[in-house]
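A.B. asks: The following block contains the structure, expressed as structure tokens.
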């Protein structure tokens, strides 16, 4: 194994940008906007039962175990290497399933800048998807300094600036004389909670708040991690929540629910705003910026979970060929393997007939795998308060063990509830045959969760050798 001593290069600003790139995506706003004014209710509910617990628990665990591995290290310390391997495998697998959706969004955004019809051209989408992912992979192989720079620029140029523009124009639309596409009332704010089918879109809302724990895999690259991690997490959490809530409502103000596209809704909102204010010529430029922001987010994820998987590999969970890192301390063999898998999955995705349906099914499966990982993370946090009570944490959740039980318990129960609800297809989206929908998800979960244990069955003693 080629071991390279890591040089710490990530400061609090870069870490905050990495967190925002991992968590905040304009692509998720149209999904939540499907709820109309009640999207505010679901956004705040998701923040209380999921986003805030994830942020608090991640801050404590990252400052207690500031070494590479993230969820792999945390869950392994609490429940052993098998469960740690399962946790990081789920984090990586859900990410691989997510790539086709974000890559398709990038392709659609680029097409929107000069020829929107190309978004329906499979050849064009296939070329853009492969070029974008392998381009991001090559840049990430240059090391975390370059990767962090791409994430930072991508967030500022492609998420914060277009997002702030959507929000500003949405507020102008709200307080101007333009017709609103949603009703602003108490009745519209509180949704019908009597049916699980009505709640199923909540899974998509939760997905918009995932990823805060991911940056912990870069702990060895962070300057003064015990001090900078909690600061970066709390700062990025505030920015993400602000952008998510106001951005979602802005899209809901402008585009009728039936016309919202899960793939291109944010671009449609920008286009609608710009043309309404006589700024239609700026739409292609904004589309390129949004595409760059999505590319920055995707690049962040391409370098994140794979490093957690590298920690598992170097602990003996994979053959030695996958232990290798290059001179920039990046897992070159694993990233090439990831690129091949993502390329194949993405090409299958673009060949599907109804992109909205395939987008939603992949999003739900991704969310389910991620929610299982979060349950493991929350349980591990509670166990570590007892099993590793002597480990110094620069940040600890207030309230002692009771405080940890409450915060992690709320997060775990929220994750489990969302996992159960996710099996009910939403009424707002035509998902086809319900039985196929539910069987596809169930088989997908069982298959993905089984793979790491099958890998361990074939584990050889040579895998443990450095």
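A.B. asks: Condition check: modelled with pLDDT under 85, touching a strand residue (DSSP E or B) at 6+ places or on another chain (Cβ under 9 Å), part of a helix (DSSP H, G or I) and buried (at least 19 other Cβ atoms within 10 Å of the Cβ). Does residue 148 satisfy that? Show your work before the answer.
C.D. replies: Numbers: modelled with pLDDT under 85: yes; touching a strand residue (DSSP E or B) at 6+ places or on another chain (Cβ under 9 Å): yes; part of a helix (DSSP H, G or I): yes; buried (at least 19 other Cβ atoms within 10 Å of the Cβ): yes.
Considered against the rule, which asks whether it is modelled with pLDDT under 85, touching a strand residue (DSSP E or B) at 6+ places or on another chain (Cβ under 9 Å), part of a helix (DSSP H, G or I) and buried (at least 19 other Cβ atoms within 10 Å of the Cβ), residue 148 comes out as yes.
A.B. asks: Residues to consider are 179, 256, 162; find the one that is at pLDDT below 80 and either touching a helix residue (DSSP H, G or I) at 6+ places or on another chain (Cβ under 6 Å) or farther than 19 Å from residue 294 by Cα (or both). Steps first, answer last, please.
C.D. replies: Values: 179 fails: at pLDDT below 80; 162 fails: at pLDDT below 80.
Answer to the selection: 256.
A.B. asks: Could you tell me how many of the residues in the range 229-243 are touching a residue at least 24 places away in the same chain (Cβ under 8 Å) and more than 23 Å from residue 66 (Cα to Cα)?
C.D. replies: Restricting attention to the range 229-243, the residues satisfying the condition of being touching a residue at least 24 places away in the same chain (Cβ under 8 Å) are 229-237, 239-241, 243.
Then keep just the ones that are more than 23 Å from residue 66 (Cα to Cα); that gives 239-241, 243.
Number satisfying all stated conditions: 4.
A.B. asks: A follow-up question, please. Show the residue pairs meeting these rules: Cβ distance below 7 Å; 6+ apart or different chains; first residue within the range 30-51 and at positive phi; second residue surrounded by 24 or more Cβ atoms within 10 Å (Cβ to Cβ).
C.D. replies: 36/252
A.B. asks: Considering the range 383-392 alone, what residues qualify as being touching a residue at least 60 places away in the same chain (Cβ under 8 Å) and either part of a helix (DSSP H, G or I) or closer than 20 Å to residue 415 by Cβ (or both)?
C.D. replies: Within the range 383-392, the first condition is being touching a residue at least 60 places away in the same chain (Cβ under 8 Å), and the residues that meet it are 383-384, 387-388, 391-392.
Across the range 383-392, the qualifying residues are 383, 384, 387.
A.B. asks: Okay, moving on. Within the range 70-82, is even one residue under 30 Å from residue 192 (Cα atoms), at pLDDT below 90 and touching a helix residue (DSSP H, G or I) at 6+ places or on another chain (Cβ under 9 Å)? First the steps, then the outcome.
C.D. replies: Going through the range 70-82, the residues under 30 Å from residue 192 (Cα atoms) turn out to be none.
So far as the range 70-82 goes, no, none of its residues is under 30 Å from residue 192 (Cα atoms), at pLDDT below 90 and touching a helix residue (DSSP H, G or I) at 6+ places or on another chain (Cβ under 9 Å).
A.B. asks: Looking for whichever is in a helix (DSSP H, G or I), surrounded by 17 or more Cβ atoms within 10 Å (Cβ to Cβ) and at pLDDT below 85 here; the options are 437, 395. Which one fits? Steps first, answer last, please.
C.D. replies: Details: 395 fails: in a helix (DSSP H, G or I).
The conditions single out 437.
A.B. asks: Right, next: Which residue pairs have Cβ atoms closer than 6 Å, lie 6 or more positions apart in sequence or on different chains, and pair a first residue in the range 182-201 that is more than 11 Å from residue 41 (Cα to Cα) with a second residue that is modelled with pLDDT of 70 or more and in a helix (DSSP H, G or I)?
C.D. replies: From residues that are more than 11 Å from residue 41 (Cα to Cα), the pairs are 182/36; 182/37; 182/252; 184/37; 196/421; 199/421; 200/421.
A.B. asks: From the list 313, 302, which one is buried (at least 20 other Cβ atoms within 10 Å of the Cβ), in a helix (DSSP H, G or I) and free of Cβ contacts under 8 Å to residues at least 24 places away in the same chain?
C.D. replies: Numbers: 302 fails: free of Cβ contacts under 8 Å to residues at least 24 places away in the same chain.
Exactly one residue qualifies, and that residue is 313.
A.B. asks: Oh, and also: Tell me the residue from 294, 219, 313 that is in contact with a helix residue (DSSP H, G or I) (Cβ under 6 Å, 6 or more places away or on another chain), farther than 27 Å from residue 419 by Cα and at pLDDT 80 or above, please.
C.D. replies: None of the other options fit; the residue is 313.
A.B. asks: Right, another one. Condition (residue is out of contact with any strand residue (DSSP E or B) (no Cβ under 7 Å at 6 or more places or on another chain) and surrounded by 24 or more Cβ atoms within 10 Å (Cβ to Cβ)) applied to the range 113-121: is it met by at least one residue?
C.D. replies: The first filter runs over the range 113-121 and keeps only residues out of contact with any strand residue (DSSP E or B) (no Cβ under 7 Å at 6 or more places or on another chain), leaving 113-121.
After this cut, where a residue has to be surrounded by 24 or more Cβ atoms within 10 Å (Cβ to Cβ) as well, the list is none.
Scanning the range 113-121 turns up no residue that is out of contact with any strand residue (DSSP E or B) (no Cβ under 7 Å at 6 or more places or on another chain) and surrounded by 24 or more Cβ atoms within 10 Å (Cβ to Cβ).
A.B. asks: Can you find a residue that is within 22 Å of the chain's Cα centre (by Cα), over 19 Å from residue 158 (Cα atoms) and modelled with pLDDT of 85 or more anywhere in the range 118-129?
C.D. replies: No, every residue in the range 118-129 fails to be within 22 Å of the chain's Cα centre (by Cα), over 19 Å from residue 158 (Cα atoms) and modelled with pLDDT of 85 or more.
A.B. asks: Looking at 372, 361, which is the one that is within 19 Å of the chain's Cα centre (by Cα), at pLDDT 90 or above and either crowded, with 16+ Cβ neighbours inside 10 Å or not in a helix (DSSP H, G or I) (or both)?
C.D. replies: Numbers: 361 fails: at pLDDT 90 or above.
That would be 372, the only listed residue that is within 19 Å of the chain's Cα centre (by Cα), at pLDDT 90 or above and either crowded, with 16+ Cβ neighbours inside 10 Å or not in a helix (DSSP H, G or I) (or both).
A.B. asks: Being part of a helix (DSSP H, G or I), closer than 26 Å to residue 202 by Cβ, at pLDDT 80 or above and over 21 Å from the mean Cα position of the chain (by Cα) narrows it down to one residue among 38, 58; which is it? Give the steps one after another, and end with the answer.
C.D. replies: Values: 58 fails: over 21 Å from the mean Cα position of the chain (by Cα).
Unique residue meeting the criteria: 38.
A.B. asks: A further question follows. Take the conditions surrounded by fewer than 24 Cβ atoms within 10 Å (Cβ to Cβ), free of Cβ contacts under 8 Å to residues at least 40 places away in the same chain and under 17 Å from residue 385 (Cα atoms) and apply them to residue 80. Does it pass? Outline the logic, then answer.
C.D. replies: Values: surrounded by fewer than 24 Cβ atoms within 10 Å (Cβ to Cβ): yes; free of Cβ contacts under 8 Å to residues at least 40 places away in the same chain: yes; under 17 Å from residue 385 (Cα atoms): yes.
Yes: the conditions hold for residue 80.
A.B. asks: Can you work out which of the residues in the range 169-181 that are without any contact (Cβ under 8 Å) to a residue 40 or more places away in the chain and not in a helix (DSSP H, G or I) is surrounded by the fewest Cβ atoms within 10 Å (Cβ to Cβ)?
C.D. replies: 177
A.B. asks: For the range 242-251, check the following and say yes or no: at least one residue is in a helix (DSSP H, G or I), surrounded by fewer than 20 Cβ atoms within 10 Å (Cβ to Cβ), more than 19 Å from the chain's Cα centre (by Cα) and at pLDDT below 85.
C.D. replies: no
The values are calculated or read from the model by the stated rules, or taken from the named source; none is laboratory data. This is a predicted model, so every value here is computed, not measured. No Cβ is skipped: glycine too gets one built from the backbone with ideal geometry, and neighbour counts run over all protein chains shown.
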